[in-house]
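**Student:** Attaching a single structure in structure tokens format; questions to follow.
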Amino acid sequence: MKKQALVSLILALLVFSLFSIAKAQADQVDQPDGPVYIVQPGDSLWAIAARFGISMDDLADENGIADPAQLTIGTRLVIPDFEGLSGVLVFETVPLGENIESLSHRYGMPREALLRLNRLTSPDEAYAGAQLIVIQNEGDVQTAFASGGRATLRADQSLMETAITRGVSPWAVMKDNQMRGAWDLLPGENIYLSNEEELDFGAMPEEFTGIEVNPFPLIQGHTLVLKVDAPDMTSLSGKFNDRELNFFPLADGGYVALQGIYAMLEAGAYSLILEGTLTDGTSLGFSQQVLVQDGNYPFDPPLVVDSETTDAQNNETENELWFAIVAPVTLEKYWDGLFQSPVPEHLSNCFPSKFGNRRSYNQSGYYYFHTGLDFCGRPGVDIYAPAPGRVVFAGPLTVRGNATVIDHGWGVYSAYAHQSEIQVSERDWVETGQLIGLVGETGRVTGPHLHWEVIVGGVQVDPLHWLSQTYP
Ligand SMILES: [Zn+2]
């Protein structure tokens, strides 16, 4: 009886294991041929197909979808035409400091696969802020690639042999896998093999220990706040597009630069360059393309104004003067915290026109944009300084009428136009809330109001941000 029970148990175990093997094989057969995309809220089959550069019919056929309109969130779609890749496809925003090389390491994907999945013709197209499709492994399962990329070291194979048989330098392999030496690698471990002799990671040098960009991606008309941690650096400089960045040390360590993003700067990728000097005198640099997004500013109805104020020569002369006034960068920061509204409280939320609106004057094209924020106000309404600063201009101008400019330090200025009266003089020091002038309708206006500008690094930005957000 006891023997019979044992035989039964052995038989049962045998049947069970045979069944398990069969099931495992069946599972393997069921493995999708190609990477998988999980349908997200708001997705349509058409948009998914477009995103991966395949036809909607192919995508529907591959996944046995009869009605493309019936797409359930969470459905796993096999994406055809990417044989050899497996895993789950997700969208990632390229962070500042990363590029195709470093992302290929981070996701364990060959660079070619990244380029092909994203239909990139050049690694430069993976600029900071760009949306990239990457493969995320499910659980801890390694992504399998049909060709190139990963290799598993056999017990009888040295790193040297592996590298040589794959036609790459052993030193490149070590660098690639962040090893200190060949002894760092154990047989059976996966290593990454690059097809290039010399690898240039191109990502940020490690001496830049931290970097923070706000907003990210950048947006037309916003104030860029760039914080950089680089404890070993004695100086830091940089450039965004055509503008020199002015870095200042922060109280809690690190450096910060504030820079206006021109409201009419065409949406796209622009270069950000950082350069620093180490204590031993070595200079280090880093450069990357960074995405600037459209600010989606509305188009104002065409405006009709006194033709003298739209005269090209008048505007050019006045703009030259205006930007010369706000060009100097005072090393001291005079403000602290939020800017205060420059008008009495009952008018502080009344805006006939906001910053950035696209404008046409006297039947011109929409070549202009609204360079400030307009507040409602009858002639004679008080205008207050929004923060401490030094008056650097006070006088009449053709387009801006009676104008005042205050320097708040660090390359940040505020300006007041169309006043009926100016109540400060150049070189005056003003405190927050101090009366500086009265609302009027002088210069290029269609009625009385205060036109208020905030200028950062020589570029006008949306002043509303300075009333609601503390910079830096
Ligand atoms: Zn205005």
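**Student:** Restricting to Cα pairs below 8 Å that are 6+ residues apart, what does the relative contact order work out to for the stretch 327-472? Please round to a whole percent. Write out the running numbers ahead of the final one.
**Tutor:** Working: 388 pairs, mean separation 41.5, N = 146.
Dividing the mean separation by the residue count of the stretch 327-472 yields 28 percent.
**Student:** If each of Phe299 and Arg378 carries a label point 7 Å out from its Cα toward its Cβ, how far apart are those two points in nm?
**Tutor:** 3.7
**Student:** Would you mind calculating the gained length between Ser307 and Glu441 on full extension (0.36 nm times residue separation, minus the Cα-Cα distance), in nm to one decimal?
**Tutor:** 46.7 nm is the gain from fully extending Ser307 to Glu441.
**Student:** Report the net charge of residues surrounding Thr209, where surrounding means a beta-carbon distance below 12 angstrom and charges are Lys +1, Arg +1, Asp -1, Glu -1. Each step should come with its number before you reach the end.
**Tutor:** Values: positive: Lys227; negative: Glu206, Glu207, Glu212, Asp229, Asp232.
For residues surrounding Thr209, the net value is -4.
**Student:** Next up: For labels at Trp429 and Asp58 in the simple 7 Å Cα→Cβ model, what's the distance in nm?
**Tutor:** Spacing of the two 7 Å Cα→Cβ label points: 7.1 nm.
**Student:** Still on this structure, please answer the following. How big is the Rg/Rh ratio for the stretch 210-293, C-alpha atoms only, Rh by Kirkwood, two decimals?
**Tutor:** Values: Rg = 12.9 Å, Rh = 13.2 Å.
Result for the stretch 210-293 is an Rg/Rh of 0.98.
**Student:** Around Val326, what is the net charge, scoring Lys/Arg as +1 and Asp/Glu as -1 over all other residues with Cβ under 15 Å from its Cβ?
**Tutor:** Working: positive: Arg243, Arg390, Arg400; negative: Glu244, Glu318, Glu320, Asp407, Glu426, Glu453.
Local charge sum for Val326: -3.
**Student:** Would you work out the Kirkwood radius for the stretch 400-465? I mean one over the mean of 1/r across all pairs of different Cα atoms, in Å. If you can, show how the numbers build up before the last one.
**Tutor:** Numbers: mean 1/r = 0.0805 Å⁻¹.
Result for the stretch 400-465 stands at 12.4 Å.
**Student:** Then there's this: How big is the equivalent ellipsoid of the stretch 307-468 along its three axes, where each semi-axis is √(5λ) from the Cα gyration tensor, reported in whole Å from largest to smallest?
**Tutor:** Working: eigenvalues 102, 64, 46 Å².
That gives 23, 18, 15 Å for the three semi-axes.
**Student:** Here's another thing I want to ask about it. Hey, got a sec? Which GluC sites (Glu not before Pro) in the stretch 55-117 land in a DSSP loop and have at most 16 other Cβ atoms within 10 Å? It would help to have the intermediate numbers written out before the result.
**Tutor:** Working: sites: Glu62, Glu83, Glu92, Glu98, Glu101, Glu112; in loops: Glu83, Glu98.
Filter output for the stretch 55-117: Glu83.
**Student:** Would you mind counting up the charge near Asn314? Only other residues with Cβ under 12 Å from its Cβ, with Lys and Arg at +1 and Asp and Glu at -1.
**Tutor:** Values: positive: Arg400, Arg444; negative: Asp306, Glu308, Asp311, Glu316, Glu318, Glu320.
Around Asn314, the charge tally is -4.
Computed from the coordinates by the stated procedures, all read-outs in this text should not be read as laboratory data. Model, not experiment: these values are computed from the prediction. Cβ: placed from backbone, ideal geometry, glycine included. Neighbour counts: every protein chain shown.
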